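Trainee: Dropping the structure in here first, questions after.
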Amino acid sequence: MRKKIVAGNWKMNKPLEDGLKLATEVINMVKDEVRNEALAVLCTPFTNLYSVGKLLEGSKIALGAQNCHSKDSGAYTGEISAEMLKSVGVKYVILGHSERREYFKESNQFLAEKVNTVLKNGLTPIFCCGESLDQREKGIHFDFVNSQLTESLFHLSEADFSKIVIAYEPIWAIGTGKTASSAQAQEMHEKIRTHLAGKYGKAAQETSILYGGSCNPGNAKELFACKDVDGGLIGGASLKSRDFVDIIKSF
Ligand code: PEP
């Protein structure tokens, strides 16, 4: 059975006090209302991780980070290592978000190194992939996403591959209010799973593939009902406790 996951990506939002308020609301609502098996993850800014992690102790919600460096330690001013994340209770790390690929020029090769480091530290990468509108209009979106997966993940052993979570996030749908239709999401998720199966066989059937891109309480049910959509990576809607918890309840 594939794990169902709803991960909130807070991005660069919520200073500590606001973050604690949001996390507290989510914890209470999840406790009172969520009866399904979906795992919720809160991917907060680095500055909130330790304190939010303390609040999450004893809850069914896991702590996630939005990035980490590929190196173990050393002279990388301003960076955060996977070991540091682990030391504050982080379990999941978003890697390769399109905003990091675009603004910080993160390449597939660099992301392959980050994937290795995150796995080495016993954490779970949420590996993001997805095409631009231009790529989709040119009809090269499947090849582009496959190449992101091949170049960053296909060096992994089957044992390591089986620990990865994938998030398909079409760039044209992130933060735009324009969601992929459930047919578009299912089509791409199926292609992704087939591509992964070409390398890893049956293990790909167990890989959770999340959809991200303007997912909200109004469209989550239809998206999550798709055969190969195993949950969501949620940006804007994860900043409102009511919306985020309603999305978790959409399975
Ligand atoms: C994201 O940034 O991962 C994301 C999916 O954002 P949004 O839900 O706001 O489109």
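The values are calculated or read from the model by the stated rules, or taken from the named source; none is laboratory data. This structure is a prediction, so every number in the text was calculated from the model and none was measured. Here Cβ is always computed from backbone atoms with ideal geometry, including for glycine, and neighbour counts include all displayed protein chains. The area values use the complete protein model at the heavy-atom level, side chains included, leaving out ligands, DNA and RNA. Shrake-Rupley method; radii C 1.70, N 1.55, O 1.52, S 1.80 Å.
Trainee: Provide the per-residue ³J(HN,Hα) series for segment 132-140, in order, calculated from phi with Karplus coefficients 6.51, -1.76, 1.60 and θ = phi - 60°, each as a whole number of Hz, with x at glycine and proline positions.
Mentor: 7, 4, 4, 5, 5, 5, 7, x, 10
Trainee: Still on this structure: Modelled label-to-label distance, Glu33 and Phe144, 7 Å Cα→beta-carbon offset: nm?
Mentor: The modelled label-to-label distance comes out at 3.6 nm.
Trainee: How far apart, in nm, are two points set 7 Å out from the Cα along the Cα-to-Cβ line at Lys105 and at Glu79?
Mentor: So the two model labels end up 1.5 nm from each other.
Trainee: Full extension from Met12 to Glu187: what is 0.36 nm times the residue separation minus their Cα-Cα distance, to one decimal in nm?
Mentor: Difference between extended and current length: 59.9 nm.
Trainee: If you don't mind, another one. Which GluC sites (Glu not before Pro) in segment 170-226 pass both tests, a DSSP loop state and at most 11 other beta-carbon atoms within 10 Å?
Mentor: When the GluC sites (Glu not before Pro) of segment 170-226 are filtered for loop state and at most 11 Cβ neighbours within 10 Å, nothing remains.
Trainee: For segment 118-251, what number of Lys pairs, 8 or more residues apart or on separate chains, have alpha-carbon atoms under 23 Å from each other?
Mentor: So the count of such lysine pairs works out to 23.
Trainee: Quick one: check the C-alpha center-to-center distance for segment 183-251 versus segment 70-126, whole angstrom.
Mentor: Segment 183-251 and segment 70-126 have Cα centres spaced 22 Å from each other.
Trainee: Can you list the residues, at least 5 places off or on another chain, whose amide H is less than 5 Å from the amide H of Ala167, using H built in the peptide plane?
Mentor: Close amide H contacts, sequence-distant or interchain: Phe127, Cys128, Cys129, Leu210.
Trainee: Are there GluC sites (Glu not before Pro) in segment 19-108 that DSSP marks as loop and that have at most 14 other Cβ atoms within 10 Å, and which are they?
Mentor: Sparse-neighbourhood loop GluC sites (Glu not before Pro): Glu37, Glu57, Glu79.
Trainee: To continue, here is another question. Need one number: nm distance between label points at Lys60 and Phe46, each 7 Å from Cα along Cα→Cβ, rounded to one decimal.
Mentor: 3.3 nm
Trainee: Could I ask something else about it? I'd like the accessible area for Ser70: 1.4 Å probe, protein heavy atoms, all chains in place, Å² to the nearest 10.
Mentor: Looks like 10 Å² after rounding.
Trainee: Something else now. In whole Hz, with x marking every Gly and Pro, tabulate ³J(HN,Hα) for segment 212-228 from phi via Karplus 6.51 cos²θ - 1.76 cosθ + 1.60, θ = phi - 60°.
Mentor: x, x, 6, 6, 8, x, x, 10, 4, 4, 5, 5, 6, 6, 5, 4, 9
Trainee: Let me ask you something else. Have a look at the chain and give its Rg and Dmax from the Cα atoms, expressed in angstrom.
Mentor: Every Cα atom of the chain included, Rg and Dmax give 16.8, 48 Å.
Trainee: Moving on. Hey, what number do you get for the chain at 222 nm if only DSSP H runs of n ≥ 4 count, each worth -39500 (n - 2.57), divided across all residues, to the nearest 500?
Mentor: The helix-only estimate for the chain comes to -12500 deg cm²/dmol at 222 nm.
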